[in-house]
Amino acid sequence: MAEMPPFEQLIRMEIVYRVPGMADTAVRNDIPYTAPGGEALTMDVYQPSGSCSAWGWPVVLMVHGGPVPMLGAKNMGVFTSYGRLLAASGFVAVIFNHRFLAPERLSDAGADVEAAARYVRDHAADLSIDGKRLGIWAFSGGGPLLSLALRERGLGARAVVAYYAALDLQEKPPGASAALSDDVRRDFSPVHHVKAGAGKTPPILVARAGLDHPFLNASIDRFVHEALAVNASLDLMNHPDGRHGFDILDDDARSREIIARTLEFLRLRLATA
């Protein structure tokens, strides 16, 4: 397996898939969406060019991974390029910083995701979006935050996407942080909520990297097993030779196919009713 690039290069890398019009999209940067403890957290909103329908554009919340030791993940190349891709594909992309700064901040990050979803709905007219056509897309360590969309009376998302994401915190890896109680691990395990939902969860697309860490892939495999057991709507895309972050690291046909298929999934699931 190829070596990972240094962090300074990694944070600048963009996704390996392109569509026409990505250079023509508009972005509104650094919109404050919540201020826990008086500290403003901000989002960037990428909007398609041209006019939208009477209902507004569908919207996709992009949830970065964690824990990360600092705010600012929304400025990474992977997210700025995804923002342009989604906007060029007819979606409003909302990319925001959240407070998953350390394991013990997972609940804070959950509150931030809820605040971001609430903000885009409350400001739907200003953002030219249809708040009823909401998708949520999480990456890597942001996977546990998908629990918010899979819970009963969750975020109201009509589509859920997980890319190389941790989907079960209940089975602890060696050296697991003691900062997370068993109750928090359950509450932030998507596998628990898809099982409890008994097939009533929104449609889900899971992208798995075959060369990812075995523990992380085992969490994905458990999630897939439970989703199928309750007959949930599930699309699984496996990249046999993909690394964690294949969408920026592995410039090959399978990576591009997975990203293209994800756009089609969102297009179908967030279509006007």
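The residue that is modelled with the highest pLDDT, counting only those in segment 138-164 that are among the hydrophobic types (A, V, I, L, M, F, W, C) and part of a loop (DSSP other than H, G, I, E, B), is 157. Identify, please: which residue in segment 123-132 is in contact (Cβ under 8 Å) with a residue 24 or more places away in the chain and not in a helix (DSSP H, G or I) and is, among those, surrounded by the most Cβ atoms within 10 Å (Cβ to Cβ)? Per the stated criteria, the residue is 129. Please specify each residue of segment 183-199 satisfying the condition of being out of contact with any helix residue (DSSP H, G or I) (no Cβ under 7 Å at 6 or more places or on another chain) and in contact (Cβ under 8 Å) with a residue 12 or more places away in the chain. Hits for segment 183-199 are 185, 196, 198, 199.
Residue under question is residue 135, and the condition is that it be in a strand (DSSP E or B) and either out of contact with any His (no Cβ under 7 Å at 6 or more places or on another chain) or aliphatic (A, V, I, L, M) (or both); does it hold? Yes; evaluated as a whole, the condition is true for this residue. Going by the conditions given, is residue 167 assigned to a loop (DSSP other than H, G, I, E, B), of a type outside the set (S, T, N, Q) and touching a Phe, Trp or Tyr at 6+ places or on another chain (Cβ under 7 Å)? Yes. Scanning segment 69-100 for residues that are in a loop (DSSP other than H, G, I, E, B) and either out of contact with any helix residue (DSSP H, G or I) (no Cβ under 8 Å at 6 or more places or on another chain) or in contact (Cβ under 8 Å) with a residue 60 or more places away in the chain (or both) yields 69, 70, 71, 72, 76, 89, 90, 91, 99.
The values are calculated or read from the model by the stated rules, or taken from the named source; none is laboratory data. Nothing here was measured: the structure is a model prediction, and the numbers come from that model. Backbone-built Cβ (ideal geometry, glycine too); neighbour counts: all protein chains shown.
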